[in-house]
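For reference, the structure is listed below as structure tokens.
The values are calculated or read from the model by the stated rules, or taken from the named source; none is laboratory data. Here the structure is a predicted model, which is why all the values come from computation and not from measurement. Neighbour counts run over all protein chains shown; Cβ positions are idealised from the backbone, glycine included. Accessible surface is based on the protein model in full, side chains and every heavy atom, while ligands, DNA and RNA are left aside. Shrake-Rupley method; radii C 1.70, N 1.55, O 1.52, S 1.80 Å.
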Amino acid sequence: MLSLLHIENIAVIEQADISFDRGFNVLTGETGAGKSIVIDAISAVLGERAYRDMIRTGTDKASVRAVFTDVPRFSWFEEFGVPYDAETVIQREIHLDGRNVCRVNGTLVSVSILRKLGIQLINIHGQHDSASLFDEENHLTFLDDFSDNGGLRENYADKFSTVSALRREIESLTMDEGEKLRRMEMLRYQIAEIEKAQLEVGEDEVLEERRKLLQNAEKIADGMNEAVENLYGGDDTDGAATMLSVAAHSLSRIAKFSDQISELQEKVADLMYQVQDVAELVRDARDELSYSADELEQIEYRLDIIHKMRRKYGTTCADILDYLEKAKVELDEIEFADDHLERLKSKLAKAEKEAWDAAKQLRSDRMTAAQRMSKHILEELTQLDMPRVQFECRFTETDLTVRGVDAVAFYMSANAGEDLKPLSKVASGGELARIMLAMKNVLAERDQVATLIFDEVDTGVSGRAAQKVAEKLRSVAIHKQVLCVTHLPQLAALAQTHLLIAKGERNGRTYTTVTPLDLEGRKQELARIIGGTNITETTLRSAEEMLG
């Protein structure tokens, strides 16, 4: 669970330390006081997108540090080489230049890697989640999340991938006769041109190396002659080999007088033999050196042909020859396209049948899960003061798609005697908030995330419905840590931990503070929520009564 949040220089919060407890935690405060900033800070430390304009004016960076306790040993720690600790500390710095520095237990990680841990620690549910229920594109995702049907979806995805690949291949081979003839003519011309060049793998590199030698042949010859003369000697000078031979002979005459001189004589003799060997190699290389203007001209002609091929077909001879093989294969496929198409269509028919079989298995599982999910949601909605609501998942068969052959839409009727209609056409704001809460509670049964955050999901709810929502959140908090941003006194009254977000001014700057409330403080805050800024004895008594 999230036990501590430290915020520095995020929007109007200069610095704040917020402690959260197990169970039901609420955050209240005037509109604009900064409650959403706290949620934004939590989102940032979980690896969600953060913006530079979050940074407090006049500072060059913002930072958030979160301490989580009783963290399970997720495989994430081993996968990304981060040391595991049941008390896990996450820190993120957001800089004006766009840099982000993220650490988990002191180890640097990227934002994307941090996000993979974040989704395992906290689920944040905001007002946009309610709006997402209107979009039927999301309904199948909700159902699959509940169904836990990953194996069936993966099996179908493999089958559909095969179908898609075969369809693309068939489409690539399907062309009109005019296009087919033009393509065949082009391929035949390219094949003939490359074959005529009679290229060999690596030929261009060998020719370019030889051309470099021939272009500098005179310099090379002069250098080789000079080297031979310095090694062997010339008419007027002794070479290195001769001089070493004389030195070795001189030392050999006195070697018997000293072991040290004997060792030196052996070393000089070794050098003499090595120099003689090198001298012979250099002389042989000089004697083998031959070149002519005709050879250079022939190389230039050959390289010109290769360069023309390079501009059309590849950067090396190997690439050009690879292109030649592909062109031959393509020409063969076009010439025998009709036969090939028939074989592909036969494969496609078989693949489509297998995909449909997998899709039907997936649909059967989804329908079974839809009945279970609808039952659970209706139970939740009954507890949320919507006892007469009807809810169901309706299926429409589609063609094979990446998600299967199902389109799913949520239908409901909020009142007895009314026909079920699409969710977007019948749900009011308050009803939608409760439906969203019911669905989130049902889906939460499937995951192991220890902390749930509800950011003003009670919008549009009041009266008895508000009390039911509060009781539901309190019951969820028995098994999970719940953090709730709210304007409802019913929710705030049932909280076990109450934090007040307040905004003020100091030295011309705006500051936001976060204060844990004691019983008296909670009474004052509940009275403010009930009656506004005009707190009376009546509102204080109401607040005291709500706190029990």
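Data for the structure
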| read-out | value |
| --- | --- |
| Sole residue being surrounded by 13 or more Cβ atoms within 10 Å (Cβ to Cβ), modelled with pLDDT of 90 or more, of a type outside the set (A, V, I, L, M, F, W, C) and more than 30 Å from I191 (Cα to Cα), chosen from K328, K360 | K360 |
| Residue satisfying condition, being within 60 Å of the chain's Cα centre (by Cα), assigned to a helix (DSSP H, G or I) and charged (D, E, K, R), within set D294, D270 | D294 |
| Conditions (1) closer than 16 Å to L324 by Cβ; (2) open to solvent by 80 Å² or more (accessible area, probe 1.4 Å); number of the one not met by R182 | (1) |
| Residue match in the stretch 302-324 (condition: within 30 Å of V163 (Cβ to Cβ) and without any contact (Cβ under 8 Å) to a residue 12 or more places away in the chain) | yes |
| Single match in I254, I306 (criterion: of a type in the set (V, I, T) and open to solvent by less than 60 Å² (accessible area, probe 1.4 Å)) | I306 |
| Conditions (1) open to solvent by 20 Å² or more (accessible area, probe 1.4 Å); (2) among the β-branched types (V, I, T); (3) within 23 Å of the chain's Cα centre (by Cα): number failed by V45 | (1) |
| Within the stretch 99-213, strands (runs of 3 or more DSSP E) holding 1 or more residues that are in contact with a His (Cβ under 6 Å, 6 or more places away or on another chain), more than 30 Å from M436 (Cβ to Cβ) and basic (K, R) | none |
| Which listed residue, of E342, E380, is among the acidic types (D, E) and open to solvent by 80 Å² or more (accessible area, probe 1.4 Å) | E342 |
| Out of K61, K35, sole residue that is basic (K, R) and open to solvent by 20 Å² or more (accessible area, probe 1.4 Å) | K61 |
| Hits in the stretch 129-162 - residues which are modelled with pLDDT under 90 and open to solvent by 60 Å² or more (accessible area, probe 1.4 Å) | F134, D135, E136, E137, T141, D145, D148 |
| Residues located in the stretch 490-531, provided they are within 19 Å of S462 (Cα to Cα) and either small (G, A, S) or open to solvent by 20 Å² or more (accessible area, probe 1.4 Å) (or both) | Q490, A492, A493, L494, A495, A527, R528, I529, I530, G531 |
